[in-house]
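Asks: Would you mind keeping the following structure in view while I ask a few things?
Just so you know, all these numbers are worked out from the coordinates, no wet-lab data involved. Everything numeric in this text was worked out from a predicted model, so none of it was measured. For neighbour counting, all protein chains shown are included, and Cβ atoms are generated from backbone atoms with ideal geometry for every residue, glycine included.
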Amino acid sequence: MATTATYNKEEIWDLLSEVKDPEIPVLSIIDLGIAREVTVSNGKVVVRITPTYSGCPAMKAIEQEIEKTLKVNGIQNFEVNKDFSETWTTDWMSDEAKKRLKEYGIAPPGKTEKDDDFLKNLKGSSRVIPCPYCDSTNTELQSEFGSTACKSQYYCHDCDEPFEHFKCI
Amino acid sequence: MSTATKSKELTKQEALFEYLVRLADDRLILGHRLSEWCGHGPILEEDIALANIALDYIGHAANLYEYAVEVEGEGRHRDDLVYFRNDVEYKNLKITELPRGDFGFTIARQFLFSSYSYYLYQLLSDVKDEQFRGMVEKHFKEVKYHLRHSREWVLRLGDGTEESHKRIQDAFNDIWTYIGELFHQDEVDEFLQDKNLAANTASFKSDWKDLVSDTLEEATLDVPDFDQFMVEGSRQGLHTEHLGHLLAEMQHLRRSYPDGNWQ
């Protein structure tokens, strides 16, 4: 059986890329920016993660999946630390991950807005979310909240399809 | 840990614990109230929205309780605070415990509480405590969604049908007496404000009043009198009769089987 000592940091990152979001299986915890840091010292692996949404039920499943992945690869001496000092944002998602999200049928998040714009935009945001199927911008927000904490619901008036948008937060 | 009394010097640890628990209690109780809409929303999208917001609040409360017991350092679990405190030990604002009422009442409360939370979190984003600040920044992002959601519904119901207008106007009239204490400060707040660990809610009261008044006016609603009689005492553990019933439902299973677990 492999021991912890045989893994270096890069190899741990490779293992973590296999841990997918249970709700959106095209994205790994690295794509989502949940896994922040890996350290390997004195044979102990420490993975630091940042939670996404405060009440996201998938977070517990993700933590368990990380533990399972490390264990099945023979790593016994490890710790998964939840850390709030960095605030998770969809701006951490790579362009490659956004492309995969779109192919999966979910409109990817755009750039987050500055806080001072928030109250101004309260009376109607100018943000347009293109349809992930036909790229039309003739779309309409149906609800700010969707099937999971991270998604809102839109409707495309050109291809007449409802679609989900990964909120930018 | 009991509420700090004036006869005894507050320590930073006691004050921060108390402050975190107050914030958490507000969110847990309101989250529980909102969760009652699950399966009862007027339309599917709203059912989902209210359940999502309930989940956010319970998530916020879970983070805050977890940090509170860490600050306390007595080895308690966050669930001990949730399931094994009685109503007088809860410090949530009374506005959060009122029965969910009709959809108009729920939206009126959501709008008042979300707009209050928006300004509160804006100030808390500067607290000098890394873990606390990190949580606040995360919660703040979600609170913006809550505010946008409830504000749009206030407009739609106020400027909607005669029936919807009447219902949300009644809701604001009924709930108004509970908003005064959102801006009260006591020794816990003041002690922590000196150390940049708490927000002075009185400092944003006038901005908040403007946002609320503008929205109600845009919704063709009358703005009730901000100087009318206001109830108080929530932070000292004084509650309406509704909290006891809520806790009975929420705590009953855990108290009946204190060592039970899912495994």
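Asks: Among B:Leu120, B:Leu50, B:Leu253, whose mean-square fluctuation peaks in a Gaussian network model of chain B (Cα, cutoff 10 Å)?
Replies: B:Leu253
Asks: Classify the range A:4-82 as rounded, prolate or oblate, taking a ≥ b ≥ c as the square roots of the eigenvalues of its Cα gyration tensor: rounded when a/c is under 1.5, otherwise prolate if a/b is larger than b/c and oblate if not. Could the numbers behind the result be given before it?
Replies: Values: a/c = 1.93, a/b = 1.75, b/c = 1.10.
It comes out prolate by the Cα gyration axes.
Asks: Counting each DSSP H run of 4 or more residues in the protein assembly as shown as -39500 (n - 2.57), what helix-only mean residue ellipticity at 222 nm follows after dividing by all residues, to the nearest 500 deg cm²/dmol?
Replies: The helix contribution divided over the protein assembly as shown gives -15500 deg cm²/dmol.
Asks: If you project the alpha carbons of the range B:139-263 onto their three principal axes, what span does each projection cover, largest first, in Å?
Replies: 53, 41, 32
Asks: Rounded to the nearest 5, what % of the DSSP beta bridges within the protein assembly as shown are antiparallel ones? Display every interim value, and only then the final one.
Replies: Numbers: 16 of 23 bridges.
The antiparallel proportion sits near 70 percent.
Asks: Let me ask you something else. Using only the Cα atoms of the range B:197-242, build the gyration tensor, take square roots of its eigenvalues as a ≥ b ≥ c, and label the shape rounded, prolate or oblate: rounded if a/c is under 1.5, else prolate if a/b is larger than b/c, else oblate. Write out the running numbers ahead of the final one.
Replies: Details: a/c = 2.66, a/b = 1.42, b/c = 1.88.
Because a/c hits 1.5 or more and a/b fails to exceed b/c, the range B:197-242 counts as oblate.
Asks: Can you compute the FRET efficiency between A:Val26 and B:Asp227 using 1/(1 + (r/R0)^6), with r the Cβ-Cβ distance and R0 = 51 Å? Round to the nearest 0.05. Can you show the working numbers first?
Replies: Values: r = 55 Å, r/R0 = 1.09.
After rounding to 0.05, the efficiency reads 0.40.
Asks: So for A:Ser54, A:Ser152, fewest C-beta neighbours within 10 Å to most, what's the order?
Replies: Details: A:Ser54 25, A:Ser152 20.
Least crowded to most crowded, the residues run A:Ser152, A:Ser54.
Asks: Check A:Phe78: other-chain or 5+ apart residues with amide H under 5 Å from its amide H, H built from backbone geometry?
Replies: A:Val45
Asks: Can you give the Rg to Rh ratio of chain B, both from alpha-carbon atoms, with Rh computed by the Kirkwood formula? Don't skip to the end; give the middle numbers.
Replies: Numbers: Rg = 18.2 Å, Rh = 19.0 Å.
Value, to two decimals: 0.96.
Asks: Additional query: Aspartates and glutamates within cross-link reach of A:Lys98: Cα-Cα under 13 Å, excluding same-chain residues under 8 positions apart?
Replies: A:Asp31
Asks: I would also like to ask the following. Considering the options A:Leu122, A:Ile75, A:Tyr53, tell which one lies farthest towards the positive end of the dipole of the range A:45-169, charges being +1 on Lys and Arg and -1 on Asp and Glu at the Cβ, about the Cα centre.
Replies: A:Ile75
Asks: Quick check: the angle from helix B:162-175's long axis to the longest principal axis of chain B, C-alpha only, nearest 10 degrees?
Replies: Between the helix axis and the principal axis of chain B, the angle is about 30 degrees.
Asks: No partner Cβ under 4.7 angstrom, meaning no disulfide-compatible partner by this rule: which Cys of chain A qualify?
Replies: Unpaired cysteines in chain A: A:Cys56, A:Cys150, A:Cys168.
Asks: What would the Debye equation give as log₁₀ I(q)/I(0) for the range A:104-166 at q = 0.17, 0.23, 0.24, 0.25 Å⁻¹, counting only Cα atoms as equal point scatterers?
Replies: Debye curve over Cα of the range A:104-166, log10 I(q)/I(0) at q = 0.17, 0.23, 0.24, 0.25 Å⁻¹: -0.59, -0.99, -1.05, -1.11.
Asks: I need the phi-derived Karplus couplings for the range B:20-36: 6.51 cos²θ - 1.76 cosθ + 1.60, θ = phi - 60°, integer Hz, Gly and Pro marked x.
Replies: Each residue of the range B:20-36 in turn: 5, 5, 4, 4, 5, 4, 4, 6, 5, 5, 5, x, 5, 4, 5, 5, 5 Hz.
Asks: Using the Kirkwood radius built from alpha carbon pairs, what does the Stokes-Einstein equation give as D for the range B:65-208 at 37 °C and 0.692 mPa s, in µm² per second?
Replies: On the way: Rh = 17.1 Å.
Calculated translational D: 193 µm²/s.
Asks: Arrange B:Lys138, B:Lys205, A:Lys68 by Cβ neighbour counts within 10 Å, fewest through most, would you?
Replies: Working: B:Lys138 25, B:Lys205 17, A:Lys68 11.
Final ranking by Cβ density, sparse to dense: A:Lys68, B:Lys205, B:Lys138.
Asks: Rg over Rh of the protein assembly as shown, using C-alpha atoms and the Kirkwood radius, what does it come to? Write out the running numbers ahead of the final one.
Replies: On the way: Rg = 22.7 Å, Rh = 23.3 Å.
Value, to two decimals: 0.98.
Asks: Between A:Lys71 and A:Lys120, 0.36 nm times their residue separation minus their Cα-Cα distance comes to what?
Replies: Numbers: separation 49, 0.36 × 49 = 17.64 nm, distance 4.94 nm.
Computed gain between A:Lys71 and A:Lys120 is 12.7 nm.
Asks: Say we join alpha carbon atoms closer than 10 Å with springs in a Gaussian network model of chain B; which of B:Glu142, B:Glu89, B:Glu162 then has the biggest fluctuation?
Replies: In the Gaussian network model the winner is B:Glu162.
Asks: Among A:Val40, B:Thr240, B:Gln110, whose Cα lies farthest out toward the positive end of the dipole of the protein assembly as shown, if unit charges sit on the beta carbon of Lys, Arg (+1) and Asp, Glu (-1)?
Replies: Toward the positive end, the furthest listed residue is A:Val40.
Asks: Same structure again: Using the Karplus equation 6.51 cos²θ - 1.76 cosθ + 1.60 (θ = phi - 60°), what ³J(HN,Hα) coupling, rounded to whole Hz, does each residue of the range B:44-53 give in order, writing x for Gly and Pro?
Replies: For the range B:44-53, the Karplus-derived couplings read 4, 4, 6, 4, 5, 4, 5, 5, 5, 5 Hz, x marking Gly and Pro.
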